[in-house]
1. Taking residue A:186 and the conditions (1) more than 9 Å from chain B (Cβ to nearest Cβ); (2) within 18 Å of the chain's Cα centre (by Cα); (3) at pLDDT 95 or above; (4) more than 24 Å from residue B:94 (Cα to Cα), which numbered condition does it fall short on, given that it satisfies the others?
2. Could you figure out which of (1) part of a helix (DSSP H, G or I); (2) in contact (Cβ under 8 Å) with a residue 40 or more places away in the chain isn't true of residue A:95?
3. Could you count how many residues in the stretch B:26-57 are within 14 Å of chain A (Cβ to nearest Cβ), surrounded by 19 or more Cβ atoms within 10 Å (Cβ to Cβ) and part of a loop (DSSP other than H, G, I, E, B)?
4. Take residue A:210 and decide whether it is within 14 Å of chain B (Cβ to nearest Cβ) and under 26 Å from residue B:237 (Cβ atoms).
5. Condition test on residue A:272, is it under 22 Å from residue A:109 (Cβ atoms), touching a residue at least 40 places away in the same chain (Cβ under 8 Å), in contact with a strand residue (DSSP E or B) (Cβ under 9 Å, 6 or more places away or on another chain) and within 14 Å of another protein chain (Cβ to nearest Cβ)?
6. Any idea which of (1) touching a residue at least 60 places away in the same chain (Cβ under 8 Å); (2) assigned to a loop (DSSP other than H, G, I, E, B) is the one residue B:75 doesn't satisfy?
7. Restricting attention to the stretch A:213-230, and to residues there that are surrounded by fewer than 23 Cβ atoms within 10 Å (Cβ to Cβ) and out of contact with any strand residue (DSSP E or B) (no Cβ under 6 Å at 6 or more places or on another chain), which single residue is nearest to the other protein chains (Cβ to nearest Cβ)?
8. Among residues belonging to the stretch B:238-267 that are within 14 Å of chain A (Cβ to nearest Cβ), under 30 Å from residue B:140 (Cβ atoms) and surrounded by fewer than 18 Cβ atoms within 10 Å (Cβ to Cβ), point out the one that is modelled with the lowest pLDDT.
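The values are calculated or read from the model by the stated rules, or taken from the named source; none is laboratory data. Since this is a predicted model, take the numbers as computed values, not measurements. Here the Cβ is made from the backbone with ideal geometry for all residues, glycine too, and neighbour counts use every protein chain on show.
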């Protein structure tokens with residue numbers, strides 16, 4: 001049983017919402033549903049798995065994987081939209097990327113933060129993925145704009161939704177998530193891309209440590225350049241860290257010989273923009 | 001100018017204390033000095049760099065590296081004892097392991113937590129390193145016993161100081177530190193060792209994420225088995241995580257085909273024991 005919002009135009013884009021990490025709140029689901037109904041250019045289908053709960057997660061691994069695979073295989077689905085981040089998609093990403101049904105290749109996959117594990121594995125498997133706002137963002141201040149930005153991009157690839165500095169192949173990741181997928185089977189090919197980081201809820205010493213880790217990786221050293229989105233809700237550092245996040249990222253870029261391309265307009269906030277990963281033609 | 005504690009026996013082990021991460025407190029320095037004076041079997045030399053301060057760090061990278069290299073090269077030093085953890089040794093570890101003076105190979109290096117970056121790089125470079133209590137631990141409840149345990153091991157390789165389950169080649173790491181050194185030039189060879197983890201001040205979802213990362217590494221899959229020290233000061237998980245730290249580690253061991261060897265007696269506490277890394281004979 002899925003709740004659906006009607007559409008005034010045909011063919012409306014059919015968007016399935018699943019939760020590979022943490023559960024979607026009822027409040028967010030209702031608000032996103034109402035936005036889609038008013039737009040009339042898309043048909044949202046919220047998988048009931050989104051409301052399951054198993055400790056930290058939106059249901060057990062098995063249920064999250066099954067819902068994701070079901071939507072990947074469904075020919076009536078044009079886009080898979082991850083409900084929210086949190087933590088947990090890494091636990092099912094490798095399985096989801098294995099034995100891919102052909103239908104999965106005709107869709108686009110949108111989300112950010114913890115969804116980076118899926119983005120990495122799915123991009124590596126040849127799927128079309130993009131960093132961008134998620135349904136749960138609707139409850140943020142200004143969240144309706146974030147959700148509309150995501151839908152504008154999904155439905156009509158609105159260039160206004162794109163991170164404005166993107167001028168070639170790019171990928172965006174939460175820095176801590178990226179650090180945790182390096183060296184795993186999910187690690188994609190970063191050659192020649194603009195790699196955009198952001199982070200949230202970390203101490204600056206952890207940002208520094210993650211930058212050490214990430215920029216030491218030979219795979220990361222193949223990027224065209226690194227750009228930095230917002231580092232928000234920084235936890236207190238006692239004593240104060242020696243410098244701010246821009247200086248941290250610049251300094252690790254310098255040490256590792258990677259070009260630093262300045263700041264970028266992504267983050268854990270309502271202003272978060274879309275960064276489509278390169279489409280592989282192999 | 002270094003403060004020295006006298007010794008009643010000759011030759012006393014000459015132990016140099018440096019701070020590659022965060023600064024040593026005066027209080028801890030005085031207490032450790034007093035312990036060494038009472039023991040009379042070792043001569044402590046606390047490098048003045050230990051009391052430097054530069055934001056988060058015990059002085060700038062250059063000063064921390066210089067103090068460490070000075071003690072590594074000093075023929076009058078038998079052991080280098082890291083003052084405390086925190087964060088920062090990764091910023092100087094690769095430089096410290098490069099262009100090693102021959103004198104550095106005649107010493108033992110002791111510490112834990114953030115010192116794991118140095119342990120990894122130094123072990124890889126052929127030095128003798130060990131996980132074990134540090135001077136700053138003296139201010140913990142029962143900290144005098146921790147410091148004496150470290151000194152008992154440094155001075156006379158007291159088997160009582162060793163982690164009791166060690167029955168072959170072993171290495172110990174803070175899990176988060178290990179996750180952040182995989183894939184860097186510091187990564188050592190883990191083949192055939194008992195790999196012992198512990199962690200402190202993390203949410204359980206982060207322990208789970210780090211275990212995902214670490215156990216996915218082909219380098220880590222060469223270990224004999226994984227054992228788990230204490231996971232302390234766990235930060236609240238909202239909602240509660242699905243299981244405890246033992247179940248987390250067991251489950252990732254099972255998924256990755258690594259044997260789980262049970263719990264181990266190390267951690268960020270006064271009961272922390274010594275785990276000497278294998279001595280390389282090449």
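1. Looking at each condition in turn, residue A:186 falls short on (1).
2. Unmet for residue A:95, out of (1) part of a helix (DSSP H, G or I); (2) in contact (Cβ under 8 Å) with a residue 40 or more places away in the chain: (2).
3. Kept after step one, since they are within 14 Å of chain A (Cβ to nearest Cβ), are these residues of the stretch B:26-57: B:51-57.
If we keep only those that are surrounded by 19 or more Cβ atoms within 10 Å (Cβ to Cβ) too, we end up with B:56-57.
Cutting the leftovers down to part of a loop (DSSP other than H, G, I, E, B) gives us B:56.
Residues meeting the conditions: 1.
4. So residue A:210 passes the test.
5. Working: under 22 Å from residue A:109 (Cβ atoms): yes; touching a residue at least 40 places away in the same chain (Cβ under 8 Å): yes; in contact with a strand residue (DSSP E or B) (Cβ under 9 Å, 6 or more places away or on another chain): yes; within 14 Å of another protein chain (Cβ to nearest Cβ): no.
Criteria not met by residue A:272.
6. (1)
7. That would be A:217.
8. For the stretch B:238-267, the residue satisfying everything is B:238.
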